[in-house]
Amino acid sequence: MEATKFLLLFITLNIFSSCIEAADSFGFSIDLIHRDSMFSPYFNPSNTRYDNLRNSIRHSMARSTHLFTPNYLASSSETIQSPLTAVPAEYLMKISVGTPPLDLLAVADTGSDLVWTQCEPCTNCYQQDAPLFNPKHSSTYKNQPCQSNACQSLPSTSCDGNKCTYQVSYGDKSFSTGDLSSESFTFESTSGTPVVIPNIAFGCGHSNGGKFEKYTNGIVGLGNGQLSIVNQLSDTINGKFSYCLVPVGANMTSKVSFGSNAVVSGPGVQTTPFYTREDTDTFYYLNLESVSVGNANVKFDTDDYAEKASVGNGNIIIDSGTTITFVPSEFYQQLEDEFKSSLSLTPIETQGSVFSLCYEKEDGYEDKVPTVTFHFTGADVELGVSNTLLEVQEGVICLSMVPATDELGAIFGNLQQMNYLVGYDLVSKTVSFKKSDCTQL
């Protein structure tokens, strides 16, 4: 029976690929595994939640740097180079590659485009726990020719005969190079029925190195670039995907959904346009107009950030892989001042913390916290107390935003997105928010 369901779904996906009219009813959801959760191979039972939080913050600091590190295109025509964000990221997803399928665990990343995994033969591979994918063992593997749309969509081309090759690099000097190919990918749907998607363009990496970790076997790009999994499936899923991130410490997985499962609708939905930049179409930029703390409204137009903070073409990246929110230092100081004047708790200093505003946790403190609202163009995203204050150690809570250095841009991190259903529509170029209990979805 399961084999029949699997085959029917495979056939259905092929029909949807050629018949867009049928795509309105197609959707599926996949578990998103936080790297520190009990469902992750990185789970350390001896770590406290504060240990895990410190790890996430450390990852965020590194990731924020690499998000804004220039990725220069190759100076010769020998490789394709594409921007990617830093690893490690916060969320993982299970995928299977090839026919028969090989089970792998990949980083799910809104700050990356190209899907890739390590492949045999590997001349230079980082250690990974799972077997390497061997294209010779798959009946559905194909090399992308140099004239293919996938190859031509990348910034520059390289040919080994008529075989397209790629190179991607990270801001931290991590890299992957290999053959641009196509293959069937299988996703472990939360419905229990595997979702098989044929002819996904991906990088079959034969030389990979840097700060990759052994339990993650590659990247599933959810960015806005042409080779992201979302854009490759755009006709089938109507350009829609969404995620709902469970709160810190919840003993369950989050969800990422595609197609009809990703529609964000009903009362309370807030929708804002997203923008891309000329140098890269990967990232989703939103227009942040102001942030209110209680009744005080702080406009996002500080002098030290005038160019990047200008409203109109996007001034803050929304990113699922960065834990905390980064805002310009002058703007942050105004927010902190308003927060201090609105909250009657005892401020304390914490040694070695990235957070500059912390308090003693008192009984009933939640009732004293002013409402913080991010005002994007057309969308007011009201944060809950758990999105605003973070318990960083026993009895100590801190404002979960930090000032960015002058070299860095602003990032709307995943702590502020938890318990929101966040939907991306690549056709209408919008991001929608709906307050939700993500543990119930």
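Bear in mind that the values in this text are calculations on the coordinates, not laboratory data. Please read all numbers here as calculations on a predicted model, not as lab measurements. Reconstructed Cβ throughout: ideal geometry from the backbone, glycine too, with neighbour counts over all protein chains shown.
Some observations on this one:
- Taking amide H as placed 1.01 Å from N in the peptide plane, the amide H of residue 322 sits under 5 Å from that of 414, each at least 5 places away or on another chain.
- Taking amide hydrogens as placed 1.01 Å from N in the peptide plane, the amide H of residue 289 sits under 5 Å from those of 375, 376, 377, each at least 5 positions away in sequence or on another chain.
- Most tightly packed first, judged by the mean number of other beta-carbon atoms within 10 Å of their residues, the peptides 224-237, 354-367 read 224-237, 354-367.
- Whichever lysines have a C-alpha closer than 20 Å to that of residue 368, once near sequence neighbours (fewer than 8 apart) are set aside: 340
- Within the straight-line cut-off of under 21 Å between alpha carbons, the lysines reachable from residue 434 are 240, 255, sequence neighbours fewer than 8 places apart in one chain being disregarded.
- Residue-wise HN-Hα coupling along region 174-188, computed from phi with Karplus coefficients 6.51, -1.76, 1.60 (Hz; x: Gly, Pro): 5, 7, 8, 9, x, 9, 7, 9, 10, 7, 7, 10, 10, 10, 7
- For residue 164, nonlocal amide neighbours, meaning residues 5 or more places apart or on other chains whose placed amide H falls under 5 Å from its own, are 144, 146, 180.
- Stretching the chain fully between residue 265 and residue 149 yields a gain of 38.4 nm (0.36 nm per residue, less the alpha carbon separation).
- Listed by Cβ neighbour count within 10 Å, with the fewest neighbours leading, 216, 190 appear as 190, 216.
- Placing R0 at 41 angstrom, the Cβ-Cβ distance between residue 142 and residue 380 gives a FRET efficiency of 0.30 after rounding to 0.05.
- Its convex hull of Cα atoms gives region 137-280 a direction-averaged projected area, equal to a quarter of the hull surface, of 12.1 nm².
- Length-normalised contact order for region 214-295 - Cα pairs under 8 Å, 6+ apart - percent: 22 percent
- Separation of the residue 278 and residue 191 label points, Cα + 7 Å toward Cβ, nm: 4.4 nm
- Peptides 200-211, 421-432, 116-127 ordered by average Cβ neighbours within 10 Å, highest first: 200-211, 421-432, 116-127
- The share of alpha-carbon pairs in region 159-219 lying farther apart than 14 Å comes to 66%.
- Charge context of residue 47, other residues only, Cβ under 14 angstrom, K/R +1, D/E -1: +2
- Placing dummy labels 7 Å off each Cα toward the beta-carbon, the span from residue 297 to residue 429 is 2.6 nm.
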